[in-house]
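A short worksheet on the structure shown next.
The values are calculated or read from the model by the stated rules, or taken from the named source; none is laboratory data. Computed from a predicted structure; not experimentally measured. Methodologically, a virtual Cβ is constructed for each residue, glycine included, from the backbone with ideal geometry; neighbour enumeration extends over all protein chains shown. What goes into the accessible areas is simple: the full protein's heavy atoms, side chains included, and nothing from ligands, DNA or RNA. Shrake-Rupley method; radii C 1.70, N 1.55, O 1.52, S 1.80 Å.
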Amino acid sequence: MTVTTRPLFDPPIVARAIREAFAKTVSLRHMARNPVMFVVLLGSAITTVVLVRDIVAHAGHIGFTLQLALWLWFTVVFANFAEAMAEGRGKAQADSLRAMRTTTTAKRLEDPANRLSAEPVPATRLRRGDCVLCTPGDIIPGDGEVIEGVASVDESAITGESAPVIRESGGDRSAVTGGTRVLSDFLVIRITANPGETFLDRMIALVEGAQRQKTPNEIALTILLSGLTIIFLFAVATLEPFAIYSGGSVPVPVLIALLVCLIPTTIGGLLSAIGIAGMDRLIQQNVIAMSGRSVEAAGDVNTLLLDKTGTITLGNRQAVQFIPVGGVTLEHLADRAQLASLPDETPEGRSIVVLAKEKFGLRGRALADGRRVLVAATGARASDADAATEAEFVPFSASTRMSGVNMGALHVRKGAGDAVARWVQENHGAIPVDLKPIVERIAREGGTPLVVAERANGAAHMLGVIYLKDVVKGGIKERFDRIRAMGIRTIMITGDNPLTAAAIASEAGVDDFLAEATPEDKMALIKREQAGGRLVAMTGDGTNDAPALAQADVGVAMNSGTQAAKEAGNMIDLDSNPTKLIEVVEIGKQLLMTRGSLTTFSIANDVAKYFAIIPAMFVVTYPALRGLNIMGLHSPQSAILASVIFNALIIIALIPLALKGVRYRPAPAAMILRRNLWVYGVGGLVVPFVGIKLIDMLIVLLHLA
Amino acid sequence: MTANGWLQIGIFSILVLLLTKPLGVYIVRVFDGSLTWLATVERIIYRMSGIDPREEQHWTRYAVSMLVFSAASMLLTYAVLRLQHLLPLNPQGMPAVSDRQAFETAASFTTNTNWQSYGGETTMSYLSQMTQLTFHNFISAATGIALAMALVRGIVRRSAGTLGNFWVDLVRGTLYLLLPISLVFALVLTQQGVIQNVSHYVTATTVEGVKQVLAMGPVASQEAIKELGTNGGGFFNANSAHPFENPTPLTNLLEMLAIFAIPSALTYTYGRMARNQRHGWAIWAAMYILFFAGLTTAYRAEARGNPIHAAEGVDVVASSNNPGGNMEGKEVRFGIVNSALFATVTSATSCGAVNSMHDSFTPVGGMVPLVNIQLGEVVFGGTGAGLYGMIVMVILTVFIAGLMVGRTPEYLGKKIEAREVQMAMLFVLVFAGAILVLSALAAVTPAGLQGRNNAGPHGLSEILYAFSSTAGNNGSAFAGLTGSTYFYNTLLGFNTLIGRFAMHVPMLALAGFLAEKRIVPESAGTFPVTTPLFVALLISVILIVGALTFFPALSLGPVVEHFLMHAGRVF
């Protein structure tokens, strides 16, 4: 899925949202899901009935009641508009996904072992367990497991990543997704999902919010808001008897106006929009959450389990130092190390070439072509350059555990210490005494020693050691500091020995590490954390990660991972970027913060509304209650209208906030609380006083009351 | 307002503060079972009643035990009051208490309300006073403390299914806490002049030569627990304004201290049990600030007096021989400050003992006790009831504001989720609903209107006060309302039951749900519950929830009365 950052108010989305806002308003079933807005809906309906009665009877303040009824209806429509806006972005994305789900014809294999037994069937007729053949250019007809073959696959339709990926049978790269395209070779795939249950189908449903269920916190908040609504229902309903006692009476529309102003319509109207927008923000990050529940859980996470490789360190080790032995000069070692690494395409090999160039000005000598011939283009070393034309690359193999080059009589080798030592001894060389301590020191510090030796016309001799080091990603320490500030503990998971792990852990600034980790260790760690009441988040991609992913409270599976891992996790990162866990946590927190802030704002708003409406209600019975009209509102009608209008408009005004979420900066809870309380608590007290007064002035200006 | 007045308030506040820790620690030891100096008595009680003190109860069982015990003791009291003319210890030959009065009184004393629509000295035999009303003063207070302990255990325990044992909590609370302190306190009161006898009433001739009947009775024994257990039911009709109940300035101070002692100490107990003493003090601070705000308002209103009186030439300025302010309905012995202080103390806790007539306060002065009750009796509150009411408010605060830090709200490591919010809201809803709906009913029915002593907004205040006081299990009367009618006896009696048991069950359910949860360790991401910011937040939530619920009704009662008084109208 390609990520297109849409503007918040994209015209087509707005147009669709307006249409849907009205459709939602007249759907009782939809309205009944939201108790607060349902009460507003009932209030609007009753006010409308009163309006009709007044028009028929030519009684009451028809103009006033009409405006009241309109604004009450608007309140409902505005809330539905907010929800439709939040859904709109997802729906637009779902449409583009749906367009991909073209009807493909699959080549079903009667006998999976016989590729000639293929018969064409529509993809929709494939069932779990069927086997299909895919050749270059074919769209893979459904989610499945590669059981034979290896091929490059274009998954850009799902991930947005244009570089093709390799899919092969067995191992951790065997999962394929329906809708992606085979580019080369062939694959035999066993289908693992029935039509309608595929990843693409699920993704469309999730993005669209079709299966959206209220999340636990949303349910709890709805209960609170419903409770407050009932309390205000008591307060307003009993006001009429008290008014009768006092020798007056309050018209029903005015009572409804007070009720609607008091019940928490701001948060009630925006609650579902906030939840949908939170999911949407994840999708913008290319993460698909299988449920809203997991997004909430992400906000609560106490412990992050992070794999070392790819998350904390750059995927590979890098050369950081040359250490000569036995009286060899540093330049000589660097030169030979670079020479031996020129044809070495591994990241480690390339890092050696780069280090030699940076430290000693040894210019990179280009690899001429696929015939594995060296062209050493150093003018000062013409002899080498001549020889290099005849150079022969000795590739790394598991049995020799070293690699190198042969250039005429000059043979250079680099590799594991014992392997190179054996090569030197076989070639009648001696091992310098200073080698062993250096190798041991590097290993102790968490690095990898790579020993270099050469043989030029006769006996071999040791040159020195290349220090290969795990390089911690730039800026990762700062990110961990931020995470720690949020009160989250980070634990690094690595297969390295404890010594190496400790060195990297302290450099990266993680709180703890699990060294020489097996899948069982990982599982045990998660269970231990959870037993202590903590919520654990982790990423994983391999099949052996699946149990841990399922056990973790937030398990983010990499899209490049196996089907088993994707099934086990409750989120999938389409970019397969393990660092994204941090963003996921931040989005979860932001979601909860937005809810809390708007709830606080909504409740704090009520204070001003009381001071507007109560004196207006009883101005006839008790003119002395004018003393409560501290805003100096023009008339009872203008005061009540101004409150209702403010109440409706604030929903619209807060839609951008609901969709984007409140500003989030990682900080301790006490600091976040202080800031949000000032903005949304104190702000919530003050804003309506100003807003209602301004609207009142406008009403007077326009002669509306 | 005078320097002397502030000094007295200062001394009272400091004494409350000094009492909090030692008594709080003592209560911890009462309920964790480490106190054993009465173990023999305790064991005999358990053996006789067939209680297994080691049995732990699930919240439902705890609730059923409490309900069954309350129902049985209420029935017993009803029976004794109805039959008191046949029973001994009735030197004045009091007749049987009427059915409606007996029902209301039994309900009222069972629920720690002690709303009295009868005059003690003209209605109750000594037997009824001693064995029923005083008995309820002890056990209703012990029940309240037991329930608070159950809630605290629910919060403190991890992954537990039980909340303790109601019977054990009841016995230990009575035996180790209420009885010994009451005994000592009663002796001190007797020394100060509170009477304690079972004699015939005495006929005396006053200095003016008028014959007067002086009611007698076992007053001190009931007086001590009346305050200590925040019960408030007076032996005499005049309650703590009566010189035989509250004879000296010292007893006045001691009685106020006794009212605050346990509710204040329980905050310390809570902090200790939760291993978060600062949180305990934060709760205490929130309570004290609310109390002080109410007190200042009432004191200021009463000291300023009524502008209409001033306009007619009454000297309302305090001087050495004139208390100034509004002295209507106040004991000259206590004056402005001790009347305002007592009124605030008795309404902030759910005590309801009075030493002045709240009905005669200025509109704002009288609104303070009313608002104190309507805030949910959480400003120190009743014995136990104040703490659990406050904890429910804390849970709501944590839920509303806790989301703002970006986590599912947690309270002392327990996640606050749907079920907990549901029970906390039910607790708040029952209270608001009972007061508003019943007051509204009384405000528009002839039977309800008949009881009023005053018309207009003041009459509405009287009605609101009666239903607030009964639902809040306070029991103080605004006075002015004639409560001994079928309408009021029945409604108010039921209201005390609603305000107690319909709130207890959701509260115990909340405790049970919390007990089952795991404890999330505290981190930098945890919502802080010990900071001044939290105290301010808690106060705001209490005020906003209380104010938003009752402001419309109050605006037609004391608020408008206040404006009208300044416009020259009284009711």
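Please list, or write none, the lysines whose alpha carbon is within less than 22 Å of the alpha carbon of A:Lys609, excluding same-chain residues fewer than 8 places away.
Filter leaves A:Lys693.
When only alpha-carbon atoms are used, what values of Rg and Dmax, in angstrom, describe chain A?
For chain A, the Cα-based Rg and Dmax read 34.5, 119 Å.
So, in nm, how far is label B:His200 from label A:Arg19 when the simple model puts each one 7 Å beyond its Cα toward the Cβ?
9.7
Cross-link list A:Lys414/A:Lys436; A:Lys214/A:Lys527; A:Lys522/A:Lys566; A:Lys359/A:Lys580: which exceed 23 angstrom alpha carbon to alpha carbon?
Cα-Cα > 23 Å for A:Lys214/A:Lys527; A:Lys359/A:Lys580; rest within.
What ranking of A:Glu583, A:Glu110, B:Glu462 comes out by heavy-atom accessible area, probe 1.4 Å, highest first?
Ranked list, largest accessible area first: A:Glu110, A:Glu583, B:Glu462.
Which order do peptides B:373-385, B:500-512, A:654-666, B:84-96 fall in by mean Cβ count within 10 Å, highest first?
Per-residue mean Cβ counts within 10 Å order the peptides as B:373-385, B:500-512, A:654-666, B:84-96.
What is the distance, in nm, between label points placed 7 Å from the Cα along the Cα-to-Cβ direction at B:Ala71 and at A:Ala653?
Simple spin-label model gives 5.4 nm for this pair.
How crowded by other chains is B:411-419, given as the mean number of beta carbons from other chains within 10 Å of each beta carbon?
3
Using 1/(1 + (r/R0)^6) with R0 = 25 angstrom and r between the beta carbons of A:Thr124 and A:Ile147, what's the FRET efficiency to the nearest 0.05?
Result of the calculation: an efficiency of 0.70.
If you take the C-alpha gyration tensor of segment A:1-126, multiply each eigenvalue by 5 and take the square root, what semi-axes do you get, largest first, in whole Å?
Semi-axes from the Cα gyration tensor: 53, 17, 11 Å.
Could you name the aspartates and glutamates whose alpha carbon sits less than 17 Å from that of A:Lys91, not counting residues in the same chain fewer than 8 places away?
Straight-distance partners of A:Lys91: A:Asp10, A:Glu20, A:Glu83, A:Asp201, A:Glu208, A:Asp280.
Would you work out what percent of the accessible area of segment B:383-462, with all protein chains in place, is carbon or sulfur (probe 1.4 Å)?
Taking all protein chains in place, segment B:383-462 shows 63 percent carbon and sulfur surface.
Of the peptides B:489-495, B:222-228, A:481-487, how do they stack up when ordered by the mean number of other Cβ atoms within 10 Å, highest first?
B:222-228, B:489-495, A:481-487
Using alpha-carbon positions, what is the distance between the centroids of segment A:225-301 and segment B:119-164, in Å?
Distance between centres, Cα-based: 38 Å.
Taking only the Cα atoms of chain B, how large is their convex hull per residue, in Å³?
Dividing the Cα hull volume of chain B by its residues yields 148 Å³.
Probe radius 1.4 Å, ligands and nucleic acids left out: which of A:Ile695, A:Ile352, A:Ile431 has the largest accessible area, and how do the rest follow?
If we order A:Ile695, A:Ile352, A:Ile431 from most to least accessible, we get A:Ile431, A:Ile695, A:Ile352.
What accessible area per residue comes out for segment B:20-275, rounded to a whole number of Å², with a 1.4 Å probe?
Dividing the accessible area of segment B:20-275 by its residue count gives 38 Å².
Quick one: Karplus J couplings for segment A:223-240, per residue in order, coefficients 6.51, -1.76, 1.60, θ = phi - 60°, nearest Hz, x for Gly and Pro?
Each residue of segment A:223-240 in turn: 5, 4, 5, 5, x, 4, 4, 5, 4, 5, 4, 4, 4, 7, 5, 7, 5, 5 Hz.
Provide the FRET efficiency to the nearest 0.05 for the B:Lys211-B:Thr445 pair, computing r from the beta carbons and using R0 = 35 Å.
For B:Lys211 and B:Thr445, the calculated efficiency is 0.25.
Would you please give the residues with an amide H less than 5 Å from that of A:Gly464, counting only those at least 5 places away or on a separate chain, with H modeled from the backbone geometry?
Sorted by chain and number, the residues that satisfy this are A:Val325, A:Val452.
Alpha carbon centre of segment A:431-461 versus segment A:633-653: separation in Å?
82
Out of all Cα-Cα pairs in segment B:20-275, roughly what percent, to the nearest whole number, are more than 29 Å apart?
Tail fraction, whole percent: 35.
If I histogram all Cα-Cα distances within segment B:178-271 using bins 5 Å wide from 0, what percent of pairs lands in each bin?
Values per bin, smallest distances first: 3, 14, 22, 23, 15, 10, 7, 4, 2, 1, 1, 0.
How large, in Å, is segment A:655-705 by the Kirkwood hydrodynamic radius built from its alpha-carbon pairs?
13.4
Where does chain B land at 222 nm, in deg cm²/dmol rounded to the nearest 500, when only DSSP H runs of n ≥ 4 count, each adding -39500 (n - 2.57), divided by all residues?
Here the helix-only value at 222 nm equals -19500 deg cm²/dmol.
Kindly state, to the nearest 0.05, the FRET efficiency for A:Asn457 paired with A:Ser117, given R0 = 60 Å and r defined as their beta-carbon distance.
Computed FRET efficiency for A:Asn457 and A:Ser117: 0.45.
Taking beta carbons within 10 Å but only from partner chains, what does the mean come to for residues B:543-556?
The per-residue average across the peptide is 6.
Between segment B:261-329 and segment B:494-513, how far is it from one alpha carbon centroid to the other, in angstrom?
Between the Cα centre of segment B:261-329 and that of segment B:494-513, the gap is 29 Å.
Within 10 Å of each Cβ in A:679-689, how many Cβ atoms from other chains are there, averaged over the peptide?
Averaged over the peptide's residues, the number is 1.
What Kirkwood radius, in Å to one decimal, follows from the Cα pairs of the protein assembly as shown?
This gives a value of 35.8 Å.
Using only helices, what value at 222 nm comes out for chain A when you add -39,500 (n - 2.57) per DSSP H run of length 4 or more and divide by the total residues, to the nearest 500 deg cm²/dmol?
Computed ellipticity for chain A at 222 nm equals -16000 deg cm²/dmol.
How would you rank A:500-513, B:408-421, highest first, on the average number of other Cβ atoms within 10 Å across their residues?
Packing proxy ranking, top to bottom: B:408-421, A:500-513.
Residues in segment B:59-92 near a label at B:Thr131, defined as backbone nitrogen under 20 Å from the 7 Å Cα→Cβ point?
Zone members listed by number: B:69-92.
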